[in-house]
1. Name the residue, out of Pro20, Pro68, that is touching a strand residue (DSSP E or B) at 6+ places or on another chain (Cβ under 7 Å) and at pLDDT 95 or above.
2. Would you please name the residue that is nearest to Leu85 (Cα to Cα), looking only at residues in region 1-23 that are open to solvent by 60 Å² or more (accessible area, probe 1.4 Å) and not in a loop (DSSP other than H, G, I, E, B)?
3. Provide a single number: the residues in region 57-71 that are within 10 Å of Ala4 (Cα to Cα), open to solvent by 20 Å² or more (accessible area, probe 1.4 Å) and of a type in the set (Val, Ile, Thr).
4. Within region 38-56, can one find any residue that is open to solvent by less than 20 Å² (accessible area, probe 1.4 Å), in contact with a His (Cβ under 9 Å, 6 or more places away or on another chain) and either within 23 Å of His23 (Cα to Cα) or not in a loop (DSSP other than H, G, I, E, B) (or both)?
5. Quick one: what pairs do we get from region 80-101, first residue within 19 Å of Glu43 (Cβ to Cβ), second open to solvent by less than 90 Å² (accessible area, probe 1.4 Å) and in a loop (DSSP other than H, G, I, E, B), C-beta under 7 Å, 6+ apart or different chains?
6. Can you tell me how many residues in region 72-112 are open to solvent by 70 Å² or more (accessible area, probe 1.4 Å), hydrophobic (A, V, I, L, M, F, W, C) and modelled with pLDDT under 95?
Amino acid sequence: MTKAIILFAHGARDPDWARPFEHLRDEVAARTPGVRVVVAFLEFMQPPLADAIDALIADKVCEIDIVPAFMAQGAHLKRDLPRLLEAARAKHPDVRLVLRPALGEAPGVIAAMARHIAENRA
């Protein structure tokens, strides 16, 4: 595989917190044959983004989409993620690292959440 997607999440001390992101990873992988899909975290959980990028590149991946699994553009996406990407791009100048919008800002995601809420109200 030469392409990959990293689902970039915040992380938490409780290991159960990662489960929805692991399920999302599995769903994305099932819908994108030939593309490696992994989860990476900002803090508390493994692997951190830099390690995930390094591992993918070691496996000969040359194009990586980074999808922030965040609801919106907060300080982590405005400040921390650009610094992490800048360091990764400096370390791996021949690899295409593409930052995608935060999941929670995508119209289709908002529509899916609204549909779920409307269909599952008491």
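1. Pro68
2. Ranking the candidates gives Lys3 first.
3. Number of matching residues: 1.
4. Yes, region 38-56 contains at least one residue that is open to solvent by less than 20 Å² (accessible area, probe 1.4 Å), in contact with a His (Cβ under 9 Å, 6 or more places away or on another chain) and either within 23 Å of His23 (Cα to Cα) or not in a loop (DSSP other than H, G, I, E, B) (or both).
5. Asp80/Leu42
6. 0
The values are calculated or read from the model by the stated rules, or taken from the named source; none is laboratory data. Quick caveat: nothing in here was measured; it's all calculated off a predicted structure. Because the Cβ atoms are built from the backbone with ideal geometry, glycine has one as well, and the counts that use them run over all protein chains shown. Areas reflect the complete protein model, heavy atoms only, side chains present, ligands, DNA and RNA absent. Shrake-Rupley method; radii C 1.70, N 1.55, O 1.52, S 1.80 Å.
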